[in-house]
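Contents: one structure, followed by commentary.
The values are calculated or read from the model by the stated rules, or taken from the named source; none is laboratory data. This one's a predicted model, so the numbers in the text were calculated from it and none came from an experiment. Cβ: placed from backbone, ideal geometry, glycine included. Neighbour counts: every protein chain shown.
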Amino acid sequence: MRLIDRLLRKNMSVARIAGFVLSNVIGLWIVAGGVQFYEDARTLWSADDSFIKTDYLVVNKRVTSANLWQDSDSDFTTAEIADIEKQPWVRSVGEFLSTDYKVQASVEQGGRGMSTMLFFESIPDEFVDVKGSGWQFREGDREVPIIISKDYLTLYNFGFATSAGLPQMSENIMSGIPLTLTLTSDDGMRQQRMTGRVVGFSNRLNTILVPDTFMRWSNRVLGDSRKSTRPSRLIIDVSSPGDVAIKDYLESHDLEVAGDKSGSSASYLLKVVSGIVVGVGSVITLLSFFILMLSMSLLMEKNRDKLHSLLMLGFPLRDVGRPYERIVVVSSLISCMIAIGGIFLLRASYVAPLEGLGADCGDWWSGVLTAVALTVVIMIFNVIAVRRKVRSSWR
Amino acid sequence: MMTRLDTIELEGMLPRVFVSESIPASDVWRGKVVFRRGDRYLVEAASGGGKSSMCAYIYGLRDDYEGELRFNGKDVRGFGISEWQSLRREHIAYLPQELSLFPELTALQNIELKSTLTGGVRRERIEEWLHELGIDSRRNYPVGCMSIGQQQRVGIIRAICQPFDFILLDEPVSHLDEENNRKAAEIIMAEAQRQGAGIISTSVGNPLLLAEPERLKL
């Protein structure tokens, strides 16, 4: 060992450095492990439905015997929508628009034809999350993209097809079949023929969805402009899906949430729990940072005379600081590596059960990157502290 | 960065603690002194006269003075840390009164710590000096176990094993007998002459036996 290292490391307490390494390992492991678990477990919900985020709620008025035959009572008035928009947990509200004309869909398959009455709904594009350019309609297009509820396919396959002796269909086959759509105005005077193509299946939207632009264009061309177009369903972007205030509000206004809302509260719970875990880990990491800073400070204070004498001999500041910087860097890197090893162990213990639940645990780097980033921050701040201390010993 | 330090000028200089006091007549304080490279100076003072302060000012360890201190005509107040550090490695050698040796290192290690930093002197040369000053048998003893007189000799060797234009010695031989004093003075003068350097030595009564020094009263 060089003489200068030997001089400056005198009084170094291995126990204190080990204390830093231990607490830093625990802190980093909890923070980075929490981040990694959140990233892995998140896919349980987000993989479920890529067309609509878990933070969206679809609400409608409860159908009761009182509003059974009166259409308008289940619609939302402008005042009711404005009231919902005012709620603190609401980011934005979108209205479902429905067709104001009749829709007839038919499929021609190997000489056998099948035809059914249908309906369409649309929501503002900002609420639909379709990758690529599949979700577009421009005036003049003859093809309409459609997202249908996965439940409808299930109903057809296991309810209807088996009893009617029709072939069952997979999602891929269904997407490949062009639907012939005949759109007729209520008075029967105007008609449009289009082709429909299924671009996706949703678990959370109980409807047949078309692009907003198509809906507005077709209602203008085929609809009755004198009829009011009040929405009967709303889609709400909420800031905190698990909030009890949402439940209370919906109950007191007799509103129902469509689709599976347990997913959104569970993902909210995951967020809260992960937040707490990462928070606790951050506090421990911060404390370990201070342990290292105080041990270095104490060590340098004990060796202050030596620091001063070396600087008096003409040693450059960086030479005098280097033994301490090396302690900081080496101990931080050691704890970072142990913590990363710990993350892999943790991950090995939960990946199998999580994947059994349907999660897609692909990436392992978010936890590792978190640990490395925190370590770099701890090193930089401690090296700065060491240099300041050396500088202050100069005179 | 300067290539040679030719003059050290003190003008109207006074430690701040003396400002409100009346001090005895002095060649240095409140006066004008120019130390020139190649010359020998003996600064004599009573205890408490401020000679250690003067050395500390010239070596950049303190700056609590009034007046001006100039190196090659340039005020040192504008010097930064790295400038001072390179002055200490290449232009000014210094032996403080308290020596500032590392007690846990041996005599040889203390000297080598400095000579490795400055790349100044060969190992054989160091061995010669240790022999001439009569401490070669102690070269591998921790300095903390040596007498003050022996430590002073180690300090003297450490001070001269670097390139310098001036050497500042603060009471370097206070614990040496006349014989060792003379040997130390010979070694210092020889090395200073070899490097063309000036010698500034202070004393409170047992001066380093320099040949024909210019005497200054502090």
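Taken residue by residue, segment A:45-54 has at least one member that is modelled with pLDDT of 65 or more, crowded, with 19+ Cβ neighbours inside 10 Å and in a helix (DSSP H, G or I). Would it be correct to say that B:Tyr141 is within 14 Å of chain A (Cβ to nearest Cβ) and among the hydroxyl-bearing types (Ser, Thr, Tyr)? No, not satisfied. No other residue among B:Glu171, B:Glu179 is under 21 Å from B:Gly198 (Cβ atoms) and either surrounded by fewer than 16 Cβ atoms within 10 Å (Cβ to Cβ) or touching a residue at least 60 places away in the same chain (Cβ under 8 Å) (or both) apart from B:Glu171. Filter segment B:54-66 down to the residues that are buried (at least 21 other Cβ atoms within 10 Å of the Cβ), away from chain A (no Cβ under 14 Å) and without any contact (Cβ under 8 Å) to a residue 60 or more places away in the chain and list them by number. Matches in segment B:54-66: none.
The selection criterion, being modelled with pLDDT under 85 and over 27 Å from A:Leu183 (Cβ atoms), holds for A:Ala66.
In this structure, is B:Ile111 in contact (Cβ under 8 Å) with a residue 24 or more places away in the chain, out of contact with any Asp or Glu (no Cβ under 9 Å at 6 or more places or on another chain) and within 12 Å of chain A (Cβ to nearest Cβ)? Against the criterion (in contact (Cβ under 8 Å) with a residue 24 or more places away in the chain, out of contact with any Asp or Glu (no Cβ under 9 Å at 6 or more places or on another chain) and within 12 Å of chain A (Cβ to nearest Cβ)), B:Ile111 qualifies.
Of all residues in segment A:162-177, none that is in the same structural domain as A:Val199 (by TED's automatic domain parsing) and modelled with pLDDT of 80 or more has its Cβ atom under 8 Å from the Cβ atom of a residue that is part of a helix (DSSP H, G or I) and surrounded by fewer than 10 Cβ atoms within 10 Å (Cβ to Cβ), 6 or more apart or on another chain. Scanning segment B:67-95 for residues that are free of Cβ contacts under 8 Å to residues at least 12 places away in the same chain and under 17 Å from A:Met312 (Cα atoms), which turns out surrounded by the most Cβ atoms within 10 Å (Cβ to Cβ)? Among those residues, the one meeting the criterion is B:Gln85. Hey, can you tell me all the residues within segment A:357-376 that are part of a loop (DSSP other than H, G, I, E, B) and of a type in the set (Gly, Ala, Ser)? Result: A:Gly358, A:Ala359, A:Gly362.
List the number of the failed condition for B:Gly38; all other conditions in (1) at positive phi; (2) more than 20 Å from the chain's Cα centre (by Cα) hold. In the conditions (1) at positive phi; (2) more than 20 Å from the chain's Cα centre (by Cα), B:Gly38 misses (2) alone.
Matching residues to (1) within 14 Å of chain B (Cβ to nearest Cβ); (2) farther than 30 Å from B:His91 by Cα; (3) assigned to a helix (DSSP H, G or I):
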residue: A:Asp305; (1), (2), (3): yes, no, yes
residue: A:Glu325; (1), (2), (3): no, no, yes
residue: A:Ser335; (1), (2), (3): no, yes, yes
residue: A:Ile340; (1), (2), (3): no, yes, yes
residue: A:Ser349; (1), (2), (3): no, yes, yes
residue: A:Ile378; (1), (2), (3): no, yes, yes
residue: A:Asn382; (1), (2), (3): no, yes, yes
residue: A:Arg388; (1), (2), (3): yes, no, yes
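Among the residues of segment B:80-104, those that are of a type in the set (A, V, I, L, M), more than 7 Å from chain A (Cβ to nearest Cβ) and not in a loop (DSSP other than H, G, I, E, B) comprise B:Leu87, B:Ile92, B:Ala93, B:Leu95.
Within segment B:196-208, how many residues are of a type outside the set (Ser, Thr, Tyr) and either buried (at least 19 other Cβ atoms within 10 Å of the Cβ) or assigned to a strand (DSSP E or B) (or both)? Matching residues across segment B:196-208 total 6.
Given the structure, is B:Tyr141 in contact with a strand residue (DSSP E or B) (Cβ under 7 Å, 6 or more places away or on another chain) and modelled with pLDDT under 95? Here the answer is yes, as B:Tyr141 does meet what is asked. There is at least one residue in segment A:287-303 that is part of a helix (DSSP H, G or I) and within 14 Å of chain B (Cβ to nearest Cβ).
State whether the residues of segment B:16-27 include one that is modelled with pLDDT of 90 or more, over 17 Å from the mean Cα position of the chain (by Cα) and buried (at least 18 other Cβ atoms within 10 Å of the Cβ). So far as segment B:16-27 goes, no, none of its residues is modelled with pLDDT of 90 or more, over 17 Å from the mean Cα position of the chain (by Cα) and buried (at least 18 other Cβ atoms within 10 Å of the Cβ).
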